Amino acid sequence: MSNQAAQQMDNSPLLNGQNAGKRKGSGISISKYLSYLFLIILCIIWIVPVIFGITTSFRSQTEVVSSGFRMFPKEWIFDNYIAILENTSTAPILRWLMNSLLIATMHTLLVVVVISITGYGYSRMKFKGRDTLFFTLLGISFFPGVVNLIPSYKIIDALGWVNTSWAMVIPGLAGMGNIFLVRQFMNGIPKELDESAHVDGASHYRIYMSIIVPLIKPVLIVCALFSFTGSWNDFLWPVIVFTDVDKMPVTAGLLLLQDIYGNYRMIGQLMGSAILAIIPTLLLFVFAQKYFVQSINLNSGIKG
């Protein structure tokens with residue numbers, strides 16, 4: 001009787017379900033641990049060069065040349081940063097940082113205005129050929145940006161914007177990627193809100209300012225963060241349009257530093273300049289990551 005009872009208990013659906021749940025749970029745990037392991041490896045691959053770059057900026061030139069690969073310096077020095085900040089003629093790093101901050105901030109503010117208005121037109125207003133025009137422009141945007149370098153430079157030159165901040169601020173304001181995100185977000189907002197406002201006599205401007213803009217703040221935050229970091233990190237375009245050292249953003253200035261600090265003569269100062277260049281975007285991420293994570297769900301707070 002005991003053997004039969006044990007066999008019946010082993011064959012019971014409840015126990016089978018529990019065993020299956022345990023097996024399933026173990027499978028989920030293994031996949032979770034593998035995911036964590038993969039992310040840790042990626043983190044190490046990314047962070048080791050950054051740490052090595054930071055520590056190199058605190059090494060003497062003699063140690064950089066002679067010691068080979070050492071994660072941490074034998075002696076921590078601040079001479080590289082002192083030399084960087086004192087050099088205000090051939091490599092004015094602080095001026096470059098201010099130029100980049102001004103350009104990226106102006107570009108981001110204008111991007112938010114342009115994409116919100118454009119997205120409203122493509123999503124809420126009705127006119128002939130609206131969708132055809134939108135998808136045509138979206139398709140054109142898939143071409144590599146390098147194709148537009150020469151025409152863009154010709155336009156900037158004709159407008160007299162070479163060596164000015166406007167050459168960095170104006171191009172790229174109507175990026176179709178951002179407009180697509182805003183349009184898709186607006187399509188999730190019930191159009192009954194617009195109709196009710198129209199019945200009450202509200203104009204498109206009033207609907208846009210009072211109804212649409214407060215509801216699309218999450219996607220605008222995402223686009224603003226991407227636009228700021230994209231403008232700050234842009235390299236090829238500022239190298240082309242800037243030749244005046246005092247007007248350069250920091251990315252173009254770093255290329256100039258390779259000629260000044262290159263050939264293994266001042267590697268510590270070159271790395272120190274690069275570290276200073278990433279501090280503003282790092283601070284932006286630290287203070288804005290909460291809003292960025294909350295904004296990832298592009299349909300949060302909108303109910304049909």
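What follows is calculated from the coordinates using simple rules that are stated; it is not laboratory data. Being a predicted model, the structure only gives us computed values, none of them experimental. Positions of Cβ are generated from backbone atoms using ideal geometry, with glycine treated the same way; all protein chains shown enter the neighbour counts.
Round to a whole angstrom and tell me the spacing of the C-alpha centers of segment 122-190 and segment 57-119.
About 30 Å separates the Cα centre of segment 122-190 from the one of segment 57-119.
Please work out the FRET efficiency for the pair Thr62 and Thr90, using the Cβ-Cβ distance as r and a Förster radius of 25 Å; give the result to the nearest 0.05.
Calculated value: 0.65.
Quick one: plug the Kirkwood hydrodynamic radius of segment 172-234 (C-alpha pairs) into Stokes-Einstein at 37 °C, 0.692 mPa s, and report D in µm²/s.
Numbers: Rh = 13.0 Å.
Result for D is 252 µm²/s.
If I take R0 = 25 Å and measure r between the Cβ atoms of Thr243 and Ala274 in this structure, what FRET efficiency does the formula 1/(1 + (r/R0)^6) give, to the nearest 0.05? Let's see the in-between values first.
Details: r = 22 Å, r/R0 = 0.87.
According to the calculation, E is roughly 0.70.
Using the Karplus curve 6.51 cos²θ - 1.76 cosθ + 1.60 with θ = phi - 60°, work out ³J(HN,Hα) for each residue of segment 44-58 in order, rounded to whole Hz, and write x for Gly and Pro.
Once θ is set to phi - 60°, the couplings for segment 44-58 become 5, 4, 7, 7, 4, x, 5, 4, 5, x, 5, 5, 5, 5, 9 Hz.
Read phi for every residue in segment 87-100 and hand back ³J(HN,Hα) as whole Hz from Karplus 6.51 cos²θ - 1.76 cosθ + 1.60, θ = phi - 60°, with x for Gly and Pro.
Listing the rounded values in order: 7, 9, 9, 7, 9, x, 4, 5, 5, 4, 5, 5, 4, 5 Hz.
By counting other Cβ atoms within 10 Å of each Cβ, how are Leu137, Leu42 ranked from fewest to most?
Details: Leu137 15, Leu42 10.
Ranked by crowding around the Cβ, least crowded first: Leu42, Leu137.
Arrange the following residues from fewest to most other Cβ atoms within 10 Å of their Cβ: Ser89, Ser273.
Working: Ser89 8, Ser273 27.
Sorted ascending by nearby Cβ count, the order is Ser89, Ser273.
Lysine pairs in segment 80-295 with Cα distance under 23 Å, only those 8 or more apart or on different chains: how many are there?
Details: Lys126/Lys191; Lys128/Lys191; Lys154/Lys247; Lys191/Lys217; Lys217/Lys290.
Going through segment 80-295 pair by pair, I get 5.
Taking neighbour Cβ counts within 10 Å as the exposure measure, how do Cys223, Cys43 sort from fewest upward? List each step's numbers first, then the result.
Working: Cys223 25, Cys43 10.
Listing Cys223, Cys43 from fewest to most nearby Cβ atoms yields Cys43, Cys223.
Which of the chymotrypsin sites (Phe, Trp or Tyr not before Pro) found in segment 120-197 are loop residues per DSSP with 16 or fewer other Cβ atoms within 10 Å of their Cβ? Intermediate values should be presented prior to the final figure.
Values: sites: Tyr120, Tyr122, Phe127, Phe134, Phe135, Phe142, Tyr153, Trp161, Trp166, Phe180, Phe185; in loops: Phe127, Phe142, Trp161.
Loop-located and lightly packed - Phe127, Phe142.
For segment 175-192, take each phi angle, set θ = phi - 60°, evaluate the Karplus expression 6.51 cos²θ - 1.76 cosθ + 1.60, and give the result in whole Hz per residue in order, putting x for glycine and proline.
For segment 175-192, the Karplus-derived couplings read x, 5, x, 5, 4, 4, 4, 5, 4, 5, 5, 5, 5, x, 7, x, 6, 4 Hz, x marking Gly and Pro.
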